[in-house]
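The values are calculated or read from the model by the stated rules, or taken from the named source; none is laboratory data. Being a predicted model, the structure only gives us computed values, none of them experimental. Heads up, the Cβs are rebuilt from the backbone with ideal geometry, glycines too, and the neighbour counts pull from every protein chain shown. Note: areas computed on protein heavy atoms with side chains; ligands, DNA, RNA excluded. Shrake-Rupley method; radii C 1.70, N 1.55, O 1.52, S 1.80 Å.
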Amino acid sequence: MERSTGSNMQIQGQRTQSTAIVKVQQEPSIKIEPTVGGQLLRKLFQIIFFVQLFLVSILVIVLTIRGLIYAGSTDRFHPKQWYPPLLVSTASAGIVSFIWQSITFHCPSKTIKAVFWFTPLLTCAVGVLHILIGSPLSFAAGTIAILSGVIQSLYACWVNSRFDYASKILKVSTSAPPYNTTTFVILSIITCLVYSSFSVTGIGGATATGTSLDIVFIVVILLSFLWSMQVIKNMLYVTISRIRYMNFACGVDINTRAAFYDTVKHLVGSVCIGSAIVPVIGTIRGSARAINLVAGDNDEFLFSCADCYSGFASTLITYGNRWGFVHVGVYNKGFIQASADTWEMFKRVELISLIDSDLTGVFCFLSGVAVGSICGIVGGTWELIIHKGYATEVSIYAFLIGYFMCRIALAWQQASVSAYYVSYAENPQSLQFDATIPVRIEQLHRFQV
């Protein structure tokens, strides 16, 4: 089919731009230099991250030694009853997460349906376990878990019409995984296993004495754990998204080791910033969307408050979203600038409604909840049998470890989806893409009409 001269000139311009990107990215190292302010902010966050990691490591070692000494002189804390269930749950998290990401890669359609229907059951099972434990804290946790499971099941019923598109976009974006992806996933899981086990020993040491100061130590260790696990996940995310972007946008394959080396050498600061910002903004935006659904348009005051909060969340997402990690890896941008650029690009090509309706991010979240629930059930049930007093805290710690382990295992697939969206938004006419996104956009337009 012949095309007009204007269309030919437009396509040639797009191809010229893509060729320029190829010339920059064929070498392993990232060449684009950030601004002085951006460099200082990256360096600051990088220093803060490694300093807190060093200080928390010292704290964990001291607490572990102190806890073991204290356990030898009193019957208040029993290491043989506290550590084994949690360490076994941690090992289970690594095994289940690796298996799950492999099943997701080979059977995306079945795994998406399975997660949306079975995660609520597993969440409710954790809630029942906590209620059986019987303490006030466990009862509160169990009630929250059961309510969460009910909400998840209602949400699954509401979005079941989107399952097919989610499986298609996941399949097409992960059809050709980067070389050595499995190796990097395994190494990431092993790193998490070691780090989680190390953190657990410190939490156990603080639990041994159980003073008010020890509670503060536990909170500090958990906050460090949450940030560190996010950083590990996003290091893998940035590396894979860069490789997949270059493949989608330009048909170029980048060596996985070289891409990871660039991430470690140039981008740790940006990853640390994004790892601290994205979870907070994501939580705010998710809560805003939930409030909008609850508020509806019946109560004018409630609707106006929900609309105001939603506008605030929409502004925040512009400056901190997971798609920004793609430009962080490809163009060496600062995270906030990368987020703003990618979001503005989505607006320009009218992809926001498609991005908002996509379930791949929710799928990864629910997968983490499912694996976390399995680990919480394993650790909590074991403790309920051998030492009921430890069951609540062990179950919660096991849940957190399982959740993050699964998110890290699935990071390469979520990164591939993000790279697919970003590269498509930059050049929708590229022959690298099939009709998955255009067909879905047409469907959304029909639904809106």
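Worth pointing out:
- Residue-level check: of (1) within 30 Å of Ala166 (Cα to Cα); (2) surrounded by 15 or more Cβ atoms within 10 Å (Cβ to Cβ), Ser102 misses just (2).
Yes/no per residue for (1) open to solvent by less than 40 Å² (accessible area, probe 1.4 Å); (2) over 29 Å from Leu236 (Cβ atoms); (3) not in a helix (DSSP H, G or I):
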position: Tyr179; (1), (2), (3): no, no, yes
position: Val185; (1), (2), (3): yes, no, no
position: Ile218; (1), (2), (3): yes, no, no
position: Leu223; (1), (2), (3): no, no, no
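- Residues within the range 332-369 that are assigned to a loop (DSSP other than H, G, I, E, B) and not β-branched (Val, Ile, Thr), tallied: 7
- One residue from Leu59, Leu53 being in a helix (DSSP H, G or I), surrounded by 14 or more Cβ atoms within 10 Å (Cβ to Cβ) and touching a Gly at 6+ places or on another chain (Cβ under 8 Å): Leu59
- Selection status of Gly282, within 21 Å of the chain's Cα centre (by Cα) and surrounded by fewer than 19 Cβ atoms within 10 Å (Cβ to Cβ): yes
- Among residues of the range 427-442, those that are touching a residue at least 60 places away in the same chain (Cβ under 8 Å) and either open to solvent by less than 60 Å² (accessible area, probe 1.4 Å) or touching a strand residue (DSSP E or B) at 6+ places or on another chain (Cβ under 8 Å) (or both), counted: 8
- Every test in (1) open to solvent by less than 50 Å² (accessible area, probe 1.4 Å); (2) hydrophobic (A, V, I, L, M, F, W, C); (3) out of contact with any Pro (no Cβ under 6 Å at 6 or more places or on another chain); (4) touching a residue at least 12 places away in the same chain (Cβ under 8 Å) is passed by Ile336 save one, and that test is (1).
- Qualifying residue in the range 162-175 (condition: under 30 Å from Gly329 (Cβ atoms), without any contact (Cβ under 8 Å) to a residue 24 or more places away in the chain, open to solvent by 50 Å² or more (accessible area, probe 1.4 Å) and not in a helix (DSSP H, G or I)): yes
- So Gly94, is it in a helix (DSSP H, G or I), free of Cβ contacts under 8 Å to residues at least 60 places away in the same chain and open to solvent by less than 50 Å² (accessible area, probe 1.4 Å): no
- If the condition is being open to solvent by 10 Å² or more (accessible area, probe 1.4 Å) and in a helix (DSSP H, G or I), then the range 317-326 contributes Ile317, Thr318.
- Flag if Asn292 is without any contact (Cβ under 8 Å) to a residue 40 or more places away in the chain and either of a type in the set (S, T, N, Q) or buried (at least 16 other Cβ atoms within 10 Å of the Cβ) (or both): yes
- Among the residues making up the range 245-267, those that are open to solvent by less than 10 Å² (accessible area, probe 1.4 Å), part of a helix (DSSP H, G or I) and either touching an Asp or Glu at 6+ places or on another chain (Cβ under 9 Å) or of a type outside the set (S, T, N, Q) (or both) are Tyr245, Met246, Ala259, Asp262.
So that you can scan it fast, the table gives a plain yes or no per residue for (1) over 28 Å from Phe49 (Cα atoms); (2) surrounded by 20 or more Cβ atoms within 10 Å (Cβ to Cβ); (3) modelled with pLDDT of 90 or more:
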site	(1), (2), (3)
Cys272	no, yes, yes
Ala276	no, no, yes
Gly296	yes, no, no
Ser304	yes, no, no
Ala340	no, no, yes
Trp343	no, yes, yes
